[in-house]
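Input: a single structure, listed below in structure tokens.
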Amino acid sequence: MAILVTGGAGYIGSHTCVELLIEGYEIVVVDNFSNSHHESLRRVTEITGKTFKIYEFDLMDKEELENIFEENDIEAVVHFAGLKAVGESVNEPLWYYANNVIGTVILCEVMKKHNVKKLVFSSSATVYGNSDEVPIKEDALLSATNPYGRTKLMIEEILRDLYLSDPKWSIALLRYFNPIGAHESGRIGEAPNGVPNNLLPYISQVAVGKLDRLNIFGDNYPTKDGTGIRDYIHVVDLAAGHCRAIEKVQSSTGVEAYNLGTGRGYSVFEMIDAFEMASDKLIPYTILKRRPGDVAVCYANATKAFEELGWEAVHGIDKMCQDTWRWQVNNPNGYDNLNALMKPKE
Ligand code: NAD
Ligand code: WQD
């Protein structure tokens with residue numbers, strides 16, 4: 001029996017593959033490598049000492065997907081595969097709807113045909129839209145502010161309808177807050193394409209000398225220091241949450257949403273301080289105006305995941321920054337140009 005991991009070569013997927021393998025699961029990965037590298041999966045094997053099957057194709061290729069279910073004894077699916085850049089989704093909405101929504105529908109059709117009805121889905125705190133009632137609980141009002149967020153909302157609705165049509169389905173909708181950090185080996189981590197959109201990858205590229213300075217999007221929010229507050233969660237904690245969710249979908253039916261966050265918020269300035277401490281580098285910054293669509297404060301109430309999945313985040317902000325820094329220094333170009341190690345700026 002194996003767990004199928006879609007998008008397993010990506011940032012969160014690769015860390016989850018490590019945790020699943022360490023916990024003794026057999027896994028099968030499918031990825032089209034549109035936003036990842038084979039090297040990440042090679043390093044998953046290096047870290048765990050375990051091998052697994054890798055299929056390279058697009059989820060929308062239904063025939064190939066059928067083939068996976070015929071060749072392997074799949075018991076459940078962890079579904080990461082999707083596009084995730086908010087700005088890109090505004091410019092290319094059809095691509096996002098096709099890849100994320102249709103990709104998921106095709107996956108579920110094939111699962112249904114093969115009588116595999118246990119699914120863990122990568123949702124996002126973005127489904128809470130502009131809600132600034134914190135801490136956010138799973139029953140908060142849902143909305144989307146961009147096509148990417150709408151794909152997550154639509155998929156959540158589709159999966160709820162699927163369960164209503166057949167109560168044998170068992171589905172966990174995992175709403176991630178702000179995943180950061182890397183495996184503590186420094187061998188796998190986040191490798192954004194081009195200039196990072198997210199705070200931590202940006203800060204770490206400033207620290208390593210790839211970018212000159214951080215732009216802070218607004219210092220006049222109604223927060224303690226005026227900058228935006230988010231719930232940053234260590235990617236290894238997040239990965240462990242998937243193992244607990246797999247146990248949950250294997251032992252019950254239904255469709256349930258779970259916040260995966262720490263329940264604590266940190267401001268941009270606090271993140272800069274923590275990263276300066278971890279890296280022993282100065283992070284120069286410029287204050288710019290607010291980024292459209294940003295909320296002031298967003299952090300989770302993660303009680304439901306604790307009570308129903310037996311999961312809680314254990315790593316603090318210092319560890320998140322130390323692990324990000326180790327990964328960044330050892331792999332300044334991510335998985336590209338693996339031999340071109342760059343000396344960090346003094
Ligand atoms: P990622 O881009 O690193 O990983 C996604 C993986 O899916 C990549 O390896 C990519 O090549 C693959 N993929 C994409 N479309 C595919 C397709 N049609 N067929 C096969 N493979 C495909 O992203 P990530 O940060 O690891 O995110 C994983 C999931 O978690 C995504 O669904 C994302 O929306 C969600 N999520 C991420 C964050 C975050 O901040 N990283 C936050 C909330 C939710
Ligand atoms: C965090 C804080 C920024 C960059 C996004 C997506 C969301 C989810 C996770 C997938 C905010 C500030 C940032 C920078 C800055 N992904 N910032 N300078 O916006 O909470 O969430 O990623 O589902 O959908 O919207 O995360 O890391 O972009 O921003 O000042 O260069 O850092 O304004 O306050 P966000 P982020």
Q.
Just the number: Rg to Rh for the range 101-240, Cα atoms, Kirkwood Rh, two decimals.
A. 1.03
Q: Report, to the nearest whole %, how much of the accessible area of the range 55-95 belongs to carbon and sulfur atoms, 1.4 Å probe, protein only.
A: 48
Q.
Between D161 and S252, what is the label-point separation in nm under the 7 Å Cα-to-beta-carbon projection?
A. 2.6
Q | Heavy-atom surface of the range 9-80, accessible at 1.4 Å and reported per residue (Å²) | A | 41
Q: Sum up the lysine pairs in the range 94-219 that clear both bars: alpha-carbon distance under 29 Å and a spacing of 8 or more or different chains.
A: 13
Q | Surface per residue (accessible, 1.4 Å probe) for the range 178-264, Å² | A | 35
Q.
Tell me the relative contact order for the chain as a rounded percent, counting alpha carbon contacts under 8 Å between residues six or more apart.
A. 19
**Q.** Net charge over other residues, Cβ less than 13 angstrom from the Cβ of G228 (K, R count +1; D, E count -1)
**A.** -1
(Q) For a quick check: with amide H placed at 1.01 Å from N, whose amide H comes under 5 Å from I74's, ignoring anything fewer than 5 positions away on the same chain? (A) A2
(Q) Output needed: percent of Cα pairs per 10 Å distance bin for the range 37-83, bins running from 0 to the one holding the longest distance. (A) 20, 48, 31, 1
Q. Where does the range 197-346 land on the Kirkwood hydrodynamic radius, alpha-carbon pairs, in angstrom?
A. 17.1
Q) Under the definition of Cα pairs under 8 Å and six or more residues apart, what whole-number percent is the relative contact order of the range 178-324? A) 37
Q) Against the longest alpha carbon principal axis of the chain, how many degrees, from 0 to 90 and to the nearest 10, is the axis of helix 147-165 turned? A) 30
Q: Calculate how many DSSP beta bridges within the chain are antiparallel, expressed in % of all such bridges and rounded to the nearest 5.
A: 5
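The values are calculated or read from the model by the stated rules, or taken from the named source; none is laboratory data. None of the values given here were measured: they were computed from a predicted structure. In this analysis, Cβ positions are derived from the backbone assuming ideal geometry, glycine residues included, and neighbour counts consider all displayed protein chains. In case anyone asks, the SASA skips ligands and DNA or RNA and just uses the protein heavy atoms, side chains included. Shrake-Rupley method; radii C 1.70, N 1.55, O 1.52, S 1.80 Å.
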